[in-house]
1. Take the residues of segment 18-36 that are in contact (Cβ under 8 Å) with a residue 12 or more places away in the chain and in a helix (DSSP H, G or I): which is farthest from P166 (Cα to Cα)?
2. Taking into account only those residues within segment 243-272 that are among the polar types (S, T, N, Q) and in contact (Cβ under 8 Å) with a residue 60 or more places away in the chain, which is nearest to M386 (Cα to Cα)?
3. Going by the structure shown, is S181 in contact with a helix residue (DSSP H, G or I) (Cβ under 7 Å, 6 or more places away or on another chain) and in a loop (DSSP other than H, G, I, E, B)?
4. Of G370, G355, which residue is free of Cβ contacts under 8 Å to residues at least 60 places away in the same chain, surrounded by fewer than 18 Cβ atoms within 10 Å (Cβ to Cβ) and not basic (K, R)?
5. If N114 satisfies all but one of (1) within 26 Å of S156 (Cα to Cα); (2) out of contact with any His (no Cβ under 9 Å at 6 or more places or on another chain); (3) not aliphatic (A, V, I, L, M), what's the number of the condition it fails?
6. If you take the residues of segment 37-51 that are at pLDDT 85 or above and in a loop (DSSP other than H, G, I, E, B), which of them is farthest from the chain's Cα centre (by Cα)?
7. For segment 238-251, which positions are in a loop (DSSP other than H, G, I, E, B) and buried (at least 19 other Cβ atoms within 10 Å of the Cβ)?
8. Is it the case, given these coordinates, that I225 is part of a helix (DSSP H, G or I) and surrounded by fewer than 20 Cβ atoms within 10 Å (Cβ to Cβ)?
Amino acid sequence: MVMNVEIISKEIIKPSSPTPHHLRKFKLSFIDQLAPPFHFPIIWFYDSKKFVDVEPFERSRLLKESLAETLTHFFPLAGTPINEEFSINCNDKGVDYISSSSPMQEVLLAVQYNIFECGGVAIAVCISHKLADGTSVVNFVNAWAGTCRGESEVISPIFDAHIHFPPRDITGFMPNEAYISKEKIVTRRFVFNKSSIAALKREASAAFGPEDRVASRVEVVSAFIWMRFMVMARIRTTKPKQVPAVHAVNLRERMVPQLPVHSFGNLWGVAITAETPVEMEKDYHFLVRQLRNAFLEINAEYSKKLQDGPVGDLDFLGKEDKQFQNFCKFSSWCRFPVYEVDFGMGKPTWVCCSGIPIKNTAVMISTKDGDGIETWVNMNEEDMAMFENDQELLSYAS
């Protein structure tokens, strides 16, 4: 099916109130410095039957006004990067607001309001990963939605990531081009429903004793995708290398003391599995345990080391590691309240993540019922042609 897109308007939305002079320079944190150099997109779809009381273009006006008001609290998003100083000039330059569709320029934040012939709408948000992680993005969008529907009190973000993780000299660390693949990257969505996840949990149960907690949805789906990825990698090359799994982990709740959920910025660590012996690559129980062990290492001690010591646990990002693109990388948004985002149009009928340009990366989002997981897998074209036809994978995922 061919969809014809008409660009109705494109505007710059600035904060409704100017940013105070003493807040004009926003420092990035050490983790911000190391964040992948791309804008990650997330799209909310709304059914027209839920908001027949407001005409689409009037809805757009409300969205723009509430966005401007929200940006007074999230003012770095309307600024301009100062790359050589690892900071943001909070100059109220504004953000792109597009009705329908248009390529995004080099901005920290862009939003797109799409109106479909059926009357339904989609709101797309792209935020630079150099400034925010998934938790921060969803907090921002929920604050915007709350303002749009008329809430008088919206929780403001806390901008102290640079205090917990001061910026550092990252000379010798991975350049931007090491993140972004030059190959053609394609994206496919694999849906694991409640029954498939239950089956994987039963299979994974042999990896743990009676005193251990049951494997989580994220653990069993991640381990399964990692296993099928390694199977594919072995077939694709005569000299396959080790394929560790790398999982982004929210640090806010793992630090001592814990950071508030509204702490803004990149506040994540990386759980990296140990090298997997070739003979164990198809042992699902072993892989689930490996992943669990990697998660357990992201604790208060890890966070303290990241704050106070040398780079240490993030040295896998160094230039000397040429295999980063071949790692099997995961980011889970399953605990994010994405289906609570209500702009006055009711809750969304579907939330999705479109493709990202980082090879061998899977982004996981809960299904609307909260029981399943949609996994958006990004691979080069040749690998995906094999991966998406893996019959073992398709026996669990649609």
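1. L23
2. Filtering segment 243-272 for residues among the polar types (S, T, N, Q) gives 250, 258, 263, 266.
Filter again for in contact (Cβ under 8 Å) with a residue 60 or more places away in the chain, leaving 250, 263, 266.
On the way: N250: 32, S263: 41, N266: 34 Å.
Per the criteria, the residue is N250.
3. Yes, satisfied.
4. Of the residues listed, the single one that is free of Cβ contacts under 8 Å to residues at least 60 places away in the same chain, surrounded by fewer than 18 Cβ atoms within 10 Å (Cβ to Cβ) and not basic (K, R) is G370.
5. (1)
6. Applying the filter and picking the extreme gives D47.
7. Going through segment 238-251, the residues in a loop (DSSP other than H, G, I, E, B) turn out to be 238-244, 251.
Within segment 238-251, V243, P244, L251 meet the criteria.
8. Details: part of a helix (DSSP H, G or I): yes; surrounded by fewer than 20 Cβ atoms within 10 Å (Cβ to Cβ): no.
Here the answer is no, as I225 does not meet what is asked.
The values are calculated or read from the model by the stated rules, or taken from the named source; none is laboratory data. These figures come from a predicted structure and were not determined experimentally. As a convention, Cβ positions derive from the backbone with ideal geometry for all residues, glycine included, and neighbour counts pool all protein chains shown.
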